[in-house]
1. Go through segment 5-17 and count every residue that is open to solvent by less than 50 Å² (accessible area, probe 1.4 Å), polar (S, T, N, Q) and closer than 30 Å to residue 56 by Cβ.
2. Filtering segment 143-158 down to residues that are in contact with a strand residue (DSSP E or B) (Cβ under 9 Å, 6 or more places away or on another chain) and open to solvent by 40 Å² or more (accessible area, probe 1.4 Å), which residue is farthest from residue 106 (Cα to Cα)?
3. Given the condition closer than 19 Å to residue 42 by Cα and outside any strand (DSSP E or B), answer yes or no: does some residue in segment 158-167 qualify?
4. Select the helices (runs of 4 or more DSSP H) contained entirely in segment 1-94, then report the ones holding at least 3 residues which are closer than 21 Å to residue 105 by Cβ and modelled with pLDDT of 95 or more.
5. Search segment 161-171 for residues being in contact (Cβ under 8 Å) with a residue 12 or more places away in the chain and open to solvent by 30 Å² or more (accessible area, probe 1.4 Å), and hand back the single one that is nearest to residue 78 (Cα to Cα).
6. Quick check, is residue 186 at pLDDT below 95, touching an Asp or Glu at 6+ places or on another chain (Cβ under 8 Å) and open to solvent by less than 40 Å² (accessible area, probe 1.4 Å)?
7. Please work out which residue is nearest to residue 123 (Cα to Cα), limiting yourself to segment 168-187 and to residues that are assigned to a loop (DSSP other than H, G, I, E, B) and within 21 Å of the chain's Cα centre (by Cα).
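The values are calculated or read from the model by the stated rules, or taken from the named source; none is laboratory data. Predicted, not measured: the structure shown is a model, and the values here were computed from it. We place every Cβ from the backbone using ideal geometry, glycine too, and count neighbours over all the protein chains shown. Each accessible area value is taken on the protein alone, full model and side chains, heavy atoms only, with ligands, DNA and RNA left out. Shrake-Rupley method; radii C 1.70, N 1.55, O 1.52, S 1.80 Å.
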Amino acid sequence: MIYTDMYSLVHEARTVRSFDMSRKADRTLLEELVDTARVAPSARNMQPLKYKLCCAEDEIKGITERTRWGGSTPEKRLPPEDREPSGFIVICHDKFVCEKNDFSTMDVGIAAQTINLAAREKGYGCCMLGAFDHDSVADFLLLPRTCEPVLIIAVGTPAESPIICSVGEDGGIGYFKDDAGLHFVPKRLLKDIIL
């Protein structure tokens, strides 16, 4: 997809929790996304992040079983059956490079958003997952002991188009689906976040 400005790209790069399995993310795509994140800024240029790329069916199933999706909609099974992602990028902190700290945590955010935007620009969508059993994922993926998984990014072709809306008068920021199944994501207004 071609975006003419950054605002449009960010606006369209919504979290996706339902994927179209007919067009899959493959290892080449995952490598391209990580290569884009690789050249993004890193605090003190320490570059403590490592990435495990997963697109084999057994990896997809194993990671999906070890993650929890959509905390604001616990009544729904996410991702829906037959709407799983076709790839995962597991962002790990390599303790051999440096101890985990506030700076390395910032690097995770920078890398994750870079991957998210690069994926959207290529017509894919992502879901960033922090709710997972870290030890279980590390064991399942046979990660080196120095590498701690800190964030998992699901990647695939979006089967939904979340809609940004304003925060309601009640101040609620939880995302929700309406009766038609449309997914809404409340965002605070610009005037409410500038001090």
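1. 0
2. Going through the qualifying residues, I end up with 144.
3. Checking segment 158-167: not a single residue is closer than 19 Å to residue 42 by Cα and outside any strand (DSSP E or B).
4. Fully inside segment 1-94 and qualifying: 27-38.
5. 161
6. no
7. Going through the qualifying residues, I end up with 182.
Residue-wise test of (1) of a type in the set (Ser, Thr, Tyr); (2) open to solvent by 80 Å² or more (accessible area, probe 1.4 Å).
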site	(1), (2)
3	yes, no
19	no, no
34	no, no
58	no, yes
63	no, no
66	no, no
